[in-house]
Amino acid sequence: MSKRIVIVGGGVIGLCTAYYAAELGHRVTVFDRASEEDRGCSYGNAGMITPSHFVPLAAPGAIRLALKWMWNPESPFYMKPRLDRRLIEWAWRFRQAATAAHVSESAPLLLQLNLAGRGCFEQLTREWGDVFGLTPKGIIMICNTEEGLEHEVATAATGRALGLPVEILDAKQLAAMEPGLSMRAAGGVYFPMDAYLTPDRFMSALIERLRERGVDLAWNTPVTGWNRGEGRIDGVMTSRGAVNADEFVICGGAWTAAIARQLKLRLPMQAGKGYSLTLPRPRKQPAHAMILSEARVAVTPMGSAVRFGGTMEITGEITGTDLSINPARVRGIVNAVSKYLPDFTADDFQEVQPWAGLRPCSPDGLPYIGRFQSFDNLSVAAGHAMMGLSLGPITGKLMSELLSGSAPSIPIERLSPDRYA
Ligand SMILES: Cc1cc2nc3c(=O)[nH]c(=O)nc-3n(C[C@H](O)[C@H](O)[C@H](O)COP(=O)(O)OP(=O)(O)OC[C@H]3O[C@@H](n4cnc5c(N)ncnc54)[C@H](O)[C@@H]3O)c2cc1C
């Protein structure tokens with residue numbers, strides 16, 4: 001049965017949900033507070049599709065590392081210590097989740113979702129043509145310390161045990177994979193099932209397909225409130241007026257906690273600000289996408305350009321848009337790049353305008369995907385942190401199944417939005 005579906009938020013998660021729902025014959029409207037020209041989190045990211053990222057952010061050792069990094073303004077992580085009730089609750093829940101048991105229970109699901117996500121991108125490339133630059137060539141984690149390499153090798157062993165193909169590379173083998181690039185590295189780990197694409201091109205192609213399918217894309221239209229019925233949502237209030245529908249899905253990225261709170265629903269979420277720098281004509285083009293492991297910097301070839309992305313600044317639960325650029329953290333990315341890849345120097349980045357995006361981070365490092373118990377026709381898909389692009393299409397597919405009344409093709413109980421209710 002065709003339903004009227006309202007989606008709040010037109011980032012990669014909202015638009016992929018709209019796409020797969022429209023494919024199943026539903027009539028979809030997407031509301032976004034931003035304009036179509038706005039280049040939010042889903043556009044300037046590093047474009048990686050990441051089966052390699054099966055360890056959730058909340059993992060043993062994460063707190064120790066965060067405490068070490070917090071005092072260095074150029075490090076990959078920052079959280080301003082402050083008396084903010086929601087930040088304290090989030091940090092406490094993160095600490096609760098950062099256990100070996102949580103990792104071993106979540107890793108198989110994250111891997112399954114990421115592999116299925118890669119499958120969706122391959123399918124979309126077959127259907128749409130090569131319009132977003134999908135490159136299924138794997139990603140290399142490059143380590144410039146023995147300690148860093150040991151850590152990546154241990155992660156690789158876990159991946160192997162889960163059935164993921166992984167190759168450990170010494171410095172010589174690494175150099176052979178990147179013959180055109182100088183590298184300062186102790187070695188690396190190659191994840192051949194990873195892939196990458198150009199996210200801005202993916203988003204444009206998606207918007208074009210949505211228009212062809214008659215999806216109503218309402219930009220510059222924030223959802224400001226809800227009309228509640230008996231255990232249901234009747235409609236949303238927007239600057240266009242009230243809009244009724246059969247189903248409502250919150251895909252508000254880092255804004256999701258604030259949107260859910262309008263309905264007295266608790267979805268702890270912090271914005272994790274990150275930056276990217278794109279060189280349109282790099283002096284060298286890497287043959288692979290790579291992650292500079294200890295520095296947590298992603299390097300992604302995108303056509304003739306190359307994008308460098310990194311840092312995670314926990315900026316709080318957002319209602320507005322804080323995309324201010326912290327120069328020290330941008331410097332941290334640039335310095336890391338020339339430390340691992342000496343072909344690139346700070347001069348290469350002189351003219352580059354840094355881009356900032358707000359990752360939606362849940363405390364346990366898992367997205368919220370599913371229906372709320374308290375409303376029959378309200379669901380959420382948000383909180384994908386560093387994997388929103390990678391998991392965009394599979395999230396959209398699972399949501400479309402759920403909205404059609406079918407059982408999701410991957411069990412998602414662990415991602416329940418009621419887990420902190
Ligand atoms: C530097 C960096 C690198 C990254 N690299 C990768 C990568 O390589 N691979 C990967 O998979 N992921 C990556 N990510 C993460 C990825 O970009 C995010 O997980 C993803 O974009 C989140 O998508 P989203 O749709 O949930 O949120 P968003 O894209 O933020 O979309 C949410 C939308 O909701 C709208 N909204 C908010 N409130 C309202 C309201 N009240 N009414 C209407 N609309 C509203 C907002 O305007 C926004 O457009 C990276 C992120 C950063 C910052």
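Quick look at the values:
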read-out: Selection from Ala260, Trp219, Ile250, by position along the positive dipole direction of the range 185-265 (Cβ); value: Ala260
read-out: The chain: most fluctuating residue of Phe344, Phe121, Phe132 per GNM, C-alpha cutoff 10 Å; value: Phe344
read-out: Spatial separation of Cα centroids for the range 79-123 and the range 173-252, in angstrom; value: 18 Å
read-out: Spacing of the two label points (7 Å from each Cα toward its C-beta) at Ser338 and Ala101, in nm; value: 4.8 nm
read-out: Lys172, Lys80, Lys137, ranked by accessible area, largest first (probe 1.4 Å); value: Lys172, Lys80, Lys137
read-out: Value of [θ]222 nm, deg cm²/dmol, for the chain, DSSP H segments ≥ 4, -39500 (n - 2.57) each, nearest 500; value: -10000 deg cm²/dmol
read-out: Neighbourhood charge, 11 Å Cβ-Cβ cut-off, centred on Asn335 and excluding it, Lys, Arg +1 and Asp, Glu -1; value: +2
read-out: Placed amide H near Leu169: partners under 5 Å, 5+ positions off or other chain; value: Gly188, Val189, Tyr190
read-out: Nonlocal amide H pairs with Gly388, under 5 Å, H built at 1.01 Å; value: none
read-out: Inter-probe distance in nm under a simple model that places probes 7 Å from Cα toward Cβ, at Arg414 and Ser239; value: 4.0 nm
read-out: Contour minus Cα-Cα distance for Arg266 and Lys80 (0.36 nm per residue); value: 64.7 nm
read-out: Which of Ala186, Pro199, Leu169, positive extreme of dipole for the range 107-247 (C-beta unit charges); value: Pro199
read-out: Difference of contour (0.36 nm per residue) and Cα-Cα distance, Glu150 to Gln350; value: 68.6 nm
read-out: Sites Leu65 and Ala258, calculated FRET efficiency, Cβ-Cβ separation with R0 25 Å, nearest 0.05; value: 0.30
read-out: Listed residues Ala100, Ala346, Ala157: farthest to the positive end of the dipole of the chain (Cβ charges); value: Ala100
read-out: Selected from Leu265, Leu15, Leu111 as most flexible by GNM, with the chain as the system and alpha-carbon contacts under 10 Å; value: Leu265
read-out: FRET efficiency estimate (nearest 0.05) - Cβ-Cβ, Glu122 to Ala157, R0 22 angstrom; value: 0.20
read-out: Beta bridges by DSSP in the chain, antiparallel share as percent, to the nearest 5; value: 70 percent
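The values are calculated or read from the model by the stated rules, or taken from the named source; none is laboratory data. The shown structure was predicted, so the numbers you read here are calculated from the model rather than taken from an experiment. Glycine also receives a Cβ, built like all others from the backbone with ideal geometry; neighbour counts cover every protein chain displayed. Protein only, heavy atoms only, side chains kept; ligands, DNA and RNA dropped before computing areas. Shrake-Rupley method; radii C 1.70, N 1.55, O 1.52, S 1.80 Å.
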